[in-house]
Amino acid sequence: MTSNTITNGILKAIAILFGVCLLLFFLYEVQSILVYIAISVVIALIGSPIISFLRKRLKFPNTLAVIFTMFIFIAILSGLISMFIPLIIEQGQNLSLLNIDELQTNIQNLLIQANDYFLAKGIDVLDELKHLDLFKNMTAIPNLLNSVIGTLGSLSIGLFSVLFITFFLMKDTQIMENSIYVLVSDKNENKLRKSLSVINHLLSRYFIGLVFQISILFVIYTITLLIFGIENAIVIAFLCALLNLIPYIGPLVGGVLMLFLSMSSNLGQDFQSVILPTTIYVMIGYIIAQLIDNFLSQPLIFSNSVKSHPLEIFLVIMIAGVLFGVTGMIVAIPTYTAIKVILKAFLAHNKIVKSLTKDL
């Protein structure tokens, strides 16, 4: 091996590393646009069956079917906004006018009542909490609210971008496919075309299944909270249901959120006769909803839509969570499903691929 060969190899490696770094920097700089595209792709996949139904069953022209589907999504979004914005504004006003001393007194009274109850059981809760300064940062809440309001302009730009991209993804479905076909040779284009068709079908079913999953949990949570007179039941139910999009961790966070919000909604009332029983009943309802979700909703979604074993799904989600955090856990199943379909198309004779894709 000559010195020129070694030099060329080193220069080539440096050029490749520089190109990769440049690409990563570019992706980092345009990450918001990539998020818009990802959200648009998900919405387009969810809307795909609706467009297909309108075109095939009701004989709508393609453009009209897309416009009608967009109106459905916008109507749903408007309904959510009209439902939640008044409650959010009300809570914002309450936060901006918050009487910190009164809130501190109420929570301390709650802790004293809870401690008295648990002291009878031999547990000194207040002794463990008395050294914690829970209120030193409470005055920062109004400032935080102002910061949140300041981001609404950016959110409006993001919403417009998502709607714009989604419309053209649904109207011109070949845009994405044609941009991918240029990456493969002509002889492999047919394989890739079939793979994309299967991916579109599976992920459409998966995302629609997720919508049903969240809807079922939302209904159960709302009914439970309304029965026991929890304030802002719809907002709490929606947030806790939405957290289920994060596998495994989301339900735990949602449970803690519902626990504290249920207790805080009854501040000032007797702990033993009102707060504790109400909170227990609400959490029983939450657990029942989770059992329904874990044993009915999720198996149907995962088994029928992405054709993967529950243990396989669990391992994929955990690995994605370790590598990429919460975002990785959310996108793990769709990404893994797409990879499996592509592997089956191009490496169908590989034993490992055969084992993983036998149900596809």
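Just a few scattered comments:
- Residues in the range 188-359 average 53 Å² of solvent-accessible surface per residue, probe 1.4 Å, ligands and nucleic acids excluded.
- Exposure check, 1.4 Å probe, all protein chains in place: Thr166 carries approximately 0 Å² of accessible surface.
- Residues in the range 51-63 carry Karplus couplings, in order, of 4, 4, 5, 5, 6, 8, 8, 9, 6, 6, x, 4, 5 Hz; the curve used is 6.51 cos²θ - 1.76 cosθ + 1.60 with θ = phi - 60°, and Gly or Pro positions show x.
- Karplus (6.51, -1.76, 1.60) ³J(HN,Hα), θ = phi - 60°, over the range 231-240, in Hz, Gly and Pro reported as x: 5, 6, 4, 5, 5, 4, 4, 5, 4, 5
- Bins of 5 Å, starting at 0 and running to the largest distance - Cα pair percent for the range 188-359: 1, 8, 15, 17, 15, 12, 9, 7, 6, 4, 2, 2, 1, 0, 0
- Were the residues from Phe26 through Thr335 laid out at 0.36 nm apart, the gain over their Cα-Cα distance would be 109.1 nm.
- Taking the accessible area of the range 188-359, probe 1.4 Å, and keeping the other protein chains in place, the carbon and sulfur fraction comes to 74%.
- Each Lys or Arg adds one and each Asp or Glu takes one away; over the other residues whose Cβ falls under 13 Å from the Cβ of Ile333, this sums to +2.
The values are calculated or read from the model by the stated rules, or taken from the named source; none is laboratory data. The structure displayed is predicted, hence computed values, not measured ones. Every residue, glycine among them, receives a Cβ derived from its backbone with ideal geometry; neighbour counts consider all protein chains shown. Protein only, heavy atoms only, side chains kept; ligands, DNA and RNA dropped before computing areas. Shrake-Rupley method; radii C 1.70, N 1.55, O 1.52, S 1.80 Å.
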